[in-house]
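Asker: Dropping a structure here in structure tokens format, bear with me for questions.
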Amino acid sequence: DAGITQSPRHKVTETGTPVTLRCHQTENHRYMYWYRQDPGHGLRLIHYSYGVKDTDKGEVSDGYSVSRSKTEDFLLTLESATSSQTSVYFCAIRITGGRAEAFFGQGTRLTVV
Amino acid sequence: DQQVKQNSPSLSVQEGRISILNCDYTNSMFDYFLWYKKYPAEGPTFLISISSIKDKNEDGRFTVFLNKSAKHLSLHIVPSQPGDSAVYFCAASPLGNEKLTFGTGTRLTIIP
């Protein structure tokens, strides 16, 4: 257990509504990541953060925004949810940005209907 | 543009034999490579890693090999056990960059 909590764990929402997923860590690690997992695509990076208020885009960032106002929390927002955003979302933390492993949360299963 | 590729979506291996999972990458700036294991309804868990200054790293039943000239790494599990049945992801990180890029995964099934 790397001290990562994702909330909610499951959510069903309607197309067009905004949704916010939360990742909370207790380790005060600098680097935090949001990934989505889809069949045939593996884990794809949505956004990541290298410090408070410091974020950058990953490979599938369209339709998503993030915020990190405190070291321990990294929020992922779907501005207007679409069915293509139905997925399992994973948060990860990393001690350093280079030669270090990442530790993952348990995931959030999001269904957009 | 898939920078980290796992070309085998699935692999079945007899219990007790060796499992070999493969991963290819295209970005020559990748400096650090990792393998993760994932069970259903759980987050991925770290297995083993290797930096570009090495060509082999071993941890118990798990060994990772890196061939930089071929841009190829592999994970060997020996002997394979039923609990090894899971999806395995390889990942890579460039030198001096925080991004961590994953492959598409290989589902390993160990046959008792």
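The values are calculated or read from the model by the stated rules, or taken from the named source; none is laboratory data. Predicted, not measured: the structure shown is a model, and the values here were computed from it. With ideal geometry, Cβ positions are generated from the backbone for all residues, glycine too; neighbour counts draw on all protein chains shown. Remember, those area values only see protein heavy atoms, side chains included, never the ligands or the DNA or RNA. Shrake-Rupley method; radii C 1.70, N 1.55, O 1.52, S 1.80 Å.
Asker: Please compute the average number of Cβ atoms from other chains found within 10 Å of each residue's Cβ in peptide B:10-18.
Answerer: That works out to 0 on average.
Asker: Return, in residue-number order, each cysteine of the protein assembly as shown whose C-beta is not under 4.7 Å from any other cysteine's C-beta.
Answerer: None; all cysteines have another Cys Cβ under 4.7 Å.
Asker: Please work out how much length the chain gains when fully extended from B:Phe46 to B:Ile111, using 0.36 nm per residue of separation minus the C-alpha to C-alpha distance, in nm with one decimal.
Answerer: Full extension of this stretch gives 21.1 nm more.
Asker: Here is a further query. Across the residues of B:91-100, average count of Cβ atoms on other protein chains within 10 Å?
Answerer: Taking all residues of B:91-100 together, the mean is 6.
Asker: Moving on. Which peptide among A:46-59, B:2-15, B:33-46 comes first, and what is the full order, when sorted by highest mean count of other Cβ atoms within 10 Å?
Answerer: B:33-46, A:46-59, B:2-15
Asker: Right, something else. Compute the signed sum of charges (Lys and Arg +1, Asp and Glu -1) over the other residues within less than 15 Å, Cβ to Cβ, of B:Asp24. Please list the in-between numbers first.
Answerer: On the way: positive: B:Lys5, B:Lys68, B:Lys71; negative: B:Asp1.
For residues surrounding B:Asp24, the net value is +2.
Asker: Treat each spin label as a single point 7 Å out from the Cα along the C-beta direction, and report the B:Asn7 to A:Glu27 distance in nm.
Answerer: My value for the distance between the label points is 3.4 nm.
Asker: Please list, in order along the stretch B:36-41, the HN-Hα scalar couplings obtained from phi with the Karplus expression 6.51 cos²θ - 1.76 cosθ + 1.60 (θ = phi - 60°), rounded to whole Hz, x for Gly and Pro.
Answerer: Karplus-based 3J(HN,Hα) across the stretch B:36-41 equals 10, 10, 9, 8, x, 6 Hz.
Asker: Something else now. Cα to Cα, under 15 Å, and not fewer than 8 places away if on the same chain: which aspartates and glutamates meet these conditions relative to B:Lys54?
Answerer: Correct list for B:Lys54: B:Asp31.
Asker: Moving on to the next point. Can you tell me the relative contact order of the stretch A:10-113? Whole percent, Cα pairs under 8 Å, sequence separation 6 or more.
Answerer: The normalised contact order for the stretch A:10-113 reaches 35 percent.
Asker: Separate question: Pairs to check: A:Lys57/B:Lys38; B:Lys37/B:Lys68; A:Lys70/B:Lys71; A:Lys53/B:Lys68; A:Lys70/B:Lys56. Give those whose C-alpha atoms are more than 28 Å from each other in this structure.
Answerer: A:Lys70/B:Lys71; A:Lys53/B:Lys68; A:Lys70/B:Lys56
Asker: Next question, about the same structure. In peptide A:60-73, how many Cβ atoms from other protein chains are near each Cβ within 10 Å, on average? Show your work: numbers first, answer last.
Answerer: Details: counts 0, 0, 0, 0, 0, 0, 0, 0, 0, 0, 0, 0, 0, 0.
Per residue, the number of nearby Cβ atoms from other chains is 0 on average.
Asker: For the stretch B:22-92, calculate the relative contact order in percent as a whole number, restricting contacts to Cα pairs under 8 Å that are 6 or more residues apart.
Answerer: 37 percent
Asker: Here is a follow-up. For the protein assembly as shown, which whole percent of the accessible surface, found with a 1.4 angstrom probe, sits on carbon and sulfur atoms? Could you put the intermediate results ahead of the total?
Answerer: Details: 5060 of 10450 Å².
Within the protein assembly as shown, the accessible surface is 48 percent carbon and sulfur.
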